1. Return a yes/no flag: does region 75-95 have any residue that is farther than 26 Å from Leu154 by Cα, touching a Cys at 6+ places or on another chain (Cβ under 7 Å) and either in contact (Cβ under 8 Å) with a residue 12 or more places away in the chain or surrounded by 13 or more Cβ atoms within 10 Å (Cβ to Cβ) (or both).
2. Can you tell me which of (1) of a type in the set (A, V, I, L, M, F, W, C); (2) out of contact with any strand residue (DSSP E or B) (no Cβ under 7 Å at 6 or more places or on another chain); (3) touching a residue at least 24 places away in the same chain (Cβ under 8 Å) is the one Ile164 doesn't meet?
3. Among the residues of region 123-136, count how many are under 16 Å from Glu106 (Cβ atoms) and not in a strand (DSSP E or B).
4. Answer with yes or no whether Asp95 is of a type in the set (Asp, Glu), out of contact with any helix residue (DSSP H, G or I) (no Cβ under 9 Å at 6 or more places or on another chain) and not in a loop (DSSP other than H, G, I, E, B).
5. Where residues in region 1-56 are modelled with pLDDT under 90 and of a type in the set (Asp, Glu), which of them is surrounded by the fewest Cβ atoms within 10 Å (Cβ to Cβ)?
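The values are calculated or read from the model by the stated rules, or taken from the named source; none is laboratory data. As the structure is a prediction and not an experimental result, all values here were calculated from the model. Please note: Cβ atoms are built from the backbone with ideal geometry, for glycine as well, and neighbour counts cover all protein chains shown.
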Amino acid sequence: MQKYLEIGQIVNTFGIKGLVKVKPFTDEITRFEELKKIYICKKERMEQVEIEEVKYQKEMVLLKIKGVENKTQAELLKGLFLKIDRKDAKKLPKDTYFIADLLGLEVYTDEEELLGRIEDIFKTGANDVYVVKDSLGKQILLPSTKEVIKEIDLEKEKIIVHLIEGLR
């Protein structure tokens, strides 16, 4: 499992006082209010920064980061990703997982056929959809429902699914 979890990406600046606009990668955007420090990922290194203020604009989070005092400084952060240490992550309910922990897991049918690995996960109105890619590059989309997803074993890095009609 990854030591750090991505919680958002800085997509723009906001105003002239150094605020950055963040696209959150969390279901609970108010989660940012509980964070005192986060990591900004710059190429191969991470820099820990303090959050001074949190605001919201529609589905975006506006952050005031200590040391970023104007629009010019905020511009330098555009496109960078924000992470937190796993120990600072919220505890998830039973049968709920961080996307980072699911990416790369092998996916098998309940008949023990390897379908591929989870390459991506995206949200729809009703449920998440797992994008599974095999070694030849063929993709299959699996809805994250109890009818399809039968078992997730993070220790074995394996997911067991039941393919209902129409999924192939």
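1. Keep residues of region 75-95 that are farther than 26 Å from Leu154 by Cα, which gives 75-80.
Pick out the ones that are also touching a Cys at 6+ places or on another chain (Cβ under 7 Å) and you get 80.
Now narrow it down to the ones that are either in contact (Cβ under 8 Å) with a residue 12 or more places away in the chain or surrounded by 13 or more Cβ atoms within 10 Å (Cβ to Cβ) (or both): 80.
Yes, region 75-95 has at least one match.
2. Among (1) of a type in the set (A, V, I, L, M, F, W, C); (2) out of contact with any strand residue (DSSP E or B) (no Cβ under 7 Å at 6 or more places or on another chain); (3) touching a residue at least 24 places away in the same chain (Cβ under 8 Å), Ile164 violates only (3).
3. Start the filter on region 123-136 by keeping residues that are under 16 Å from Glu106 (Cβ atoms), which leaves 130-136.
Next, from what is left, pick out any that are not in a strand (DSSP E or B): 134-136.
So the count comes out to 3.
4. Working: of a type in the set (Asp, Glu): yes; out of contact with any helix residue (DSSP H, G or I) (no Cβ under 9 Å at 6 or more places or on another chain): yes; not in a loop (DSSP other than H, G, I, E, B): no.
So Asp95 fails the test.
5. Checked region 1-56; the qualifying residue surrounded by the fewest Cβ atoms within 10 Å (Cβ to Cβ) is Glu44.
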